[in-house]
Amino acid sequence: QSALTQPPSASGSPGQSVTISCTGTRSDVGGYNYVSWYQQHPGKAPKLMIYEVSKRPSGVPDRFSGSKSGNTASLTVSGLQAEDEADYYCSSYAGSNLGVFGGGTKLTVL
Amino acid sequence: QVQLQESGPGLVKPSETLSLTCAVSGYSISSGYYWGWIRQPPGKGLEWLGTIYHSGSTYYNPSLKSRVTISVDTSKNQFSLNLSSVTAADTAVYYCARDYPPGLKNVDYWGQGTLVTVSS
């Protein structure tokens, strides 16, 4: 059960769109439609932004969207805003009620 | 509104057992759902440790399974984490959370986290 692979950093200017990838295997990302994305600001607990690949919890702006193709999931943030600057983590179900996180991506709003 | 609050020692000696408790309010654990522990070493990423159902069924990260024990006390509406034989590598912020359905499918409620340092 290895950690999912995310790019260490991503960036974009206000108003632009940025996409963060999350690559796993057929045993996790590719095998189930249970990819989640979490936003974490410094010193704060993570916040659920996307679950089941593309669903948004109540209160999460529709600027955040998720998708999946094969063993790679993606989080897209459209219309970047200053408050979107944070660390983003993906996670995936890995079977047998086990889960795995990605290494995290630091999103910088230029 | 479900709320979770971690508590326990902030400093643990190497080779000893780290013990934390998560108090749940706004929901009765005995009514269902799964509850889990997640940690984050300073400056690093998240790591799922394990999850427990109110009945006591547990699921653990295979890489830590030999050292992790999660238990539930429905009478106190809380669940606990024990991590044995700790080393400096176990220094982290430990979060409790609602992990339902189990397996990181939807971790929607998190505690604020508690820093545990392993040092002599």
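We did not get these values from a lab; they are worked out from the coordinates using the rules stated. Keep in mind that this is a model prediction, so the values were computed, not measured. Here the Cβ is made from the backbone with ideal geometry for all residues, glycine too, and neighbour counts use every protein chain on show.
Go through the range A:69-100 and give me each residue that's more than 14 Å from chain B (Cβ to nearest Cβ) and not in a loop (DSSP other than H, G, I, E, B).
Within the range A:69-100, A:Ser69, A:Thr72, A:Ser74, A:Leu75, A:Thr76, A:Val77, A:Ala82, A:Glu83, A:Asp84 meet the criteria.
Looking at the range B:1-46, which of the residues that are part of a strand (DSSP E or B) and among the polar types (S, T, N, Q) is surrounded by the most Cβ atoms within 10 Å (Cβ to Cβ)? Full working, then the answer.
So the first thing to find is which residues in the range B:1-46 are part of a strand (DSSP E or B), and the list is B:3-7, B:11-12, B:18-25, B:34-40.
Going one step further and asking which of them are among the polar types (S, T, N, Q), we end up with B:3, B:5, B:7, B:19, B:21, B:25, B:40.
On the way: B:Gln3: 13, B:Gln5: 14, B:Ser7: 14, B:Ser19: 16, B:Thr21: 17, B:Ser25: 12, B:Gln40: 22.
It comes out as B:Gln40.
Step by step: first the residues of the range A:59-68, then only those that are part of a loop (DSSP other than H, G, I, E, B) and within 14 Å of chain B (Cβ to nearest Cβ), then the one that is surrounded by the fewest Cβ atoms within 10 Å (Cβ to Cβ). Which residue is that?
A:Gly59
Give the residues of the range A:8-32 that are crowded, with 16+ Cβ neighbours inside 10 Å and either over 20 Å from B:Ser63 (Cβ atoms) or within 13 Å of chain B (Cβ to nearest Cβ) (or both), sorted by residue number.
The answer is A:Ala10, A:Gly12, A:Val18, A:Ile20, A:Ser21, A:Cys22, A:Gly24, A:Ser27, A:Asp28, A:Val29, A:Gly30, A:Tyr32.
If you take the residues in the range B:65-91 that are surrounded by fewer than 16 Cβ atoms within 10 Å (Cβ to Cβ) and free of Cβ contacts under 8 Å to residues at least 24 places away in the same chain, which one is farthest from A:Lys106 (Cα to Cα)? Show your work before the answer.
The first filter runs over the range B:65-91 and keeps only residues surrounded by fewer than 16 Cβ atoms within 10 Å (Cβ to Cβ), leaving B:65-66, B:71, B:73-76, B:82, B:84-85, B:87-89.
Still in the running and free of Cβ contacts under 8 Å to residues at least 24 places away in the same chain: B:65-66, B:71, B:73, B:75.
Working: B:Lys65: 30, B:Ser66: 32, B:Ser71: 34, B:Asp73: 37, B:Ser75: 41 Å.
Only one residue tops the list, namely B:Ser75.
Is there a residue in the range A:33-56 that is without any contact (Cβ under 8 Å) to a residue 24 or more places away in the chain, of a type in the set (Gly, Ala, Ser) and more than 11 Å from every other protein chain (Cβ to nearest Cβ)?
Scanning the range A:33-56, I find at least one residue that is without any contact (Cβ under 8 Å) to a residue 24 or more places away in the chain, of a type in the set (Gly, Ala, Ser) and more than 11 Å from every other protein chain (Cβ to nearest Cβ), so the answer is yes.
When you go through A:Ser92, A:Ser27, A:Ser13 one by one, which is the residue that is under 27 Å from B:Pro42 (Cα atoms) and not β-branched (Val, Ile, Thr)?
Among A:Ser92, A:Ser27, A:Ser13, only A:Ser92 is under 27 Å from B:Pro42 (Cα atoms) and not β-branched (Val, Ile, Thr).
Can you give me the number of residues within the range B:47-99 that are within 22 Å of B:Pro9 (Cα to Cα), facing chain A (nearest Cβ under 10 Å) and among the small types (Gly, Ala, Ser)?
Summing the residues that are within 22 Å of B:Pro9 (Cα to Cα), facing chain A (nearest Cβ under 10 Å) and among the small types (Gly, Ala, Ser) in the range B:47-99 gives 2.
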